[in-house]
1. Within region 96-144, can you find the residues that are within 18 Å of residue 318 (Cβ to Cβ) and in contact with a Cys (Cβ under 7 Å, 6 or more places away or on another chain)?
2. Taking residue 256 as meeting all but one of (1) out of contact with any strand residue (DSSP E or B) (no Cβ under 9 Å at 6 or more places or on another chain); (2) buried (at least 18 other Cβ atoms within 10 Å of the Cβ); (3) of a type in the set (Val, Ile, Thr), write down the number of the exception.
3. Look at residue 51 and say whether it is assigned by TED's automatic domain parsing to the domain that holds residue 138 and closer than 25 Å to residue 133 by Cβ.
4. Go through region 1-118 and tell me which helices (runs of 4 or more DSSP H), entirely inside it, have 3 or more residues that are more than 18 Å from the chain's Cα centre (by Cα) and among the β-branched types (Val, Ile, Thr).
5. Identify, please: which residue in region 126-150 is among the charged types (D, E, K, R) and modelled with pLDDT of 95 or more and is, among those, surrounded by the fewest Cβ atoms within 10 Å (Cβ to Cβ)?
6. Tell me, please, whether a residue that is in the same structural domain as residue 176 (by TED's automatic domain parsing), on the phi < 0 side of the Ramachandran plot, outside any helix (DSSP H, G or I) and at pLDDT below 95 can be found in region 273-280.
7. When you check residue 35 against the structure, is it assigned by TED's automatic domain parsing to the domain that holds residue 116 and in contact with a Leu (Cβ under 6 Å, 6 or more places away or on another chain), yes or no?
8. Filter region 281-322 down to the residues that are surrounded by fewer than 15 Cβ atoms within 10 Å (Cβ to Cβ) and either in contact with a His (Cβ under 9 Å, 6 or more places away or on another chain) or outside any loop (DSSP other than H, G, I, E, B) (or both) and list them by number.
Amino acid sequence: MTAPKFYLYRQIMGSHSQTGLVAAASCQDYLDSVIKKHEFTRPDKENDRVRHIDALNAQTGPVFLTYKSSAELDALFEQITSGTPDVDFQAEDAVRHTSWTIEDAKIIGTITAAFAAIPTLYIADGHHRSAAAARVFKDRKGADGSSHFLTVIFPDHQMQILAYNRAIKDLNGLSPSQLLDKLDLIARLIPQSTAVTPEKKHQFGLYLAGQWYQATIRDNFLESTDPIELLDVTLLQRHILDPILGIDDPRTSKRIAFIGGIRGTRELEKIVNSGEYAVSISMFPTSIHDLMRVADNNGIMPPKSTWFEPKLRDAMFSYILD
């Protein structure tokens, strides 16, 4: 990873701040799994991204990467960002975007050497963009600058993952009381007078027939050593959504909706109270370290496992192919 210049990109969303390096990552590293994945991609979305790159001869949306943090890079980035940014604006969603240009050859060398000592990068968000870039690389046989793709790389301790909640259209022929009886075999249910935002792993909230329940997965379902099997999204799908509510494939089912945690529990109440959905489920966010463990084991996470905030700003940086 070398360049005549680097950029640091800081996003500020409320009290949360994250600072990452804007850089061109190697398509070959992606193909060799030095840059690790954790999701399947859909061919139609990949095709759209390939057409976008070919039409513009550029990549205008960065891939969101993360790495196991480095104290050296943390200190260096903090020093650089103590100065006045070259770009500073607040978007309509109230996220502040700033960037600093790094042109000093010595600093660039230090950053390059520090990243060379980091064995693995992980895709947080942008699997279709990276897959499309790799396809363009192979189609063009590395010509025209296609050997790299645009990324922003953030340290793991600054990543913010919000819950990715669920809502189901119907109860699969069950009454609310019958559903609760079945759920009680899987999780300890405690009725709540207010909305449930789970406070720990293996806990979720259930909103059904105007009532919130706190649900905690029972210990006998937590005996696996496989990191994928212990993800809350896996436990929910394997023991509740599929066998009880009949959602066998959440990728294709029209009976389930996925709601970003940024919309809060009020949205989960609203869509059930309206009658549009029968039950909604609030989740505890998947951790970045769970994501890394799955990727390190060459595993694939269930769909809609993570919701990253803030989102990267498209076209703030672009990578022009030659």
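1. 133, 137 - these are the residues of region 96-144 that are within 18 Å of residue 318 (Cβ to Cβ) and in contact with a Cys (Cβ under 7 Å, 6 or more places away or on another chain).
2. (1)
3. Working: assigned by TED's automatic domain parsing to the domain that holds residue 138: yes; closer than 25 Å to residue 133 by Cβ: yes.
Answer is yes for this residue.
4. On the way: elements: 27-31, 43-56, 71-80, 105-116.
Per the criteria, 105-116.
5. As a first pass, look at region 126-150 and keep what is among the charged types (D, E, K, R): 129, 135, 138-141, 144.
Narrowing the set further to residues that are modelled with pLDDT of 95 or more leaves 129, 135, 138-141.
On the way: 129: 25, 135: 18, 138: 12, 139: 13, 140: 15, 141: 9.
In this case the residue turns out to be 141.
6. Filtering region 273-280 down to residues in the same structural domain as residue 176 (by TED's automatic domain parsing) leaves 273-280.
Narrowing the set further to residues that are on the phi < 0 side of the Ramachandran plot leaves 273-274, 276-280.
Filter again for outside any helix (DSSP H, G or I), leaving 274, 276-280.
Then drop every residue that is not at pLDDT below 95, which leaves none.
No; the residues of region 273-280 include none that is in the same structural domain as residue 176 (by TED's automatic domain parsing), on the phi < 0 side of the Ramachandran plot, outside any helix (DSSP H, G or I) and at pLDDT below 95.
7. On the way: assigned by TED's automatic domain parsing to the domain that holds residue 116: yes; in contact with a Leu (Cβ under 6 Å, 6 or more places away or on another chain): yes.
When the stated conditions are applied, residue 35 passes them.
8. Within region 281-322, 289, 296, 300, 320 qualify.
The values are calculated or read from the model by the stated rules, or taken from the named source; none is laboratory data. Only a predicted model underlies this, so the values are computations on that prediction, with no experimental measurement involved. Cβ atoms come from the backbone with ideal geometry, glycine included; neighbour counts cover every protein chain shown.
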